[in-house]
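Colleague: Supplied in structure tokens, the structure appears directly below.
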């Protein structure tokens with residue numbers, strides 16, 4: 001049953017994630033966190049951050065890792081196949097069909113209408129992550145971290161992976177120091 005659930009979760013997000021990886025992230029989150037409860041919002045956020053630092057399509061990275069975590073090696077293959085195969089089939093069918101009607105105004109309108117929908121889905125997910133970070137850090141520190149990240153990525157063209165690794169190290173170092181201090185007290 002677990003393998004079927006993995007397939008259904010990633011099949012749905014793969015089939016409905018029109019517009020590429022960013023559009024499928026909120027759909028994967030909905031399946032993994034809300035529907036099947038395989039992980040918490042925080043765990044999904046951590047996995048998403050790490051997956052964004054690695055090369056390759058985000059949807060397959062998420063499907064592979066989450067599939068492996070939930071169903072082992074078979075879950076990994078199952079999740080990736082559920083994400084990739086339907087997309088390939090749909091892409092071939094849609095591109096064949098749409099290429100015949102590419103000059104029609106309704107086709108152009110249909111493809112342009114997807115952009116705001118994906119934007120709203122990403123905005124909702126961003127709001128959820130920001131709300132959770134304000135619960136943990138407080139409003140001022142969460143906003144400072146968001147502004148810090150924006151400045152370094154946009155003005156200094158720092159790759160998000162480097163920023164994420166730097167923030168992970170910045171969080172890890174005080175924890176290690178605290179652990180050493182507690183060991184010294186014993």
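Colleague: I'd like to check something: does the stretch 168-183 contain any residue that is surrounded by 12 or more Cβ atoms within 10 Å (Cβ to Cβ) and part of a helix (DSSP H, G or I)?
Modeller: Yes, that holds for at least one residue.
Colleague: When you check residue 147 against the structure, is it surrounded by fewer than 11 Cβ atoms within 10 Å (Cβ to Cβ) and without any contact (Cβ under 8 Å) to a residue 24 or more places away in the chain, yes or no?
Modeller: yes
Colleague: Give the residues of the stretch 108-164 that are farther than 25 Å from residue 33 by Cα, over 21 Å from the mean Cα position of the chain (by Cα) and not in a helix (DSSP H, G or I), sorted by residue number.
Modeller: 155, 156, 157
Computed from the coordinates by the stated procedures, all read-outs in this text should not be read as laboratory data. Treat the numbers as computed from the prediction; the structure is a model and nothing was measured. All Cβ positions, even for glycine, are placed from backbone atoms using ideal geometry, and neighbour counts span all protein chains on display.
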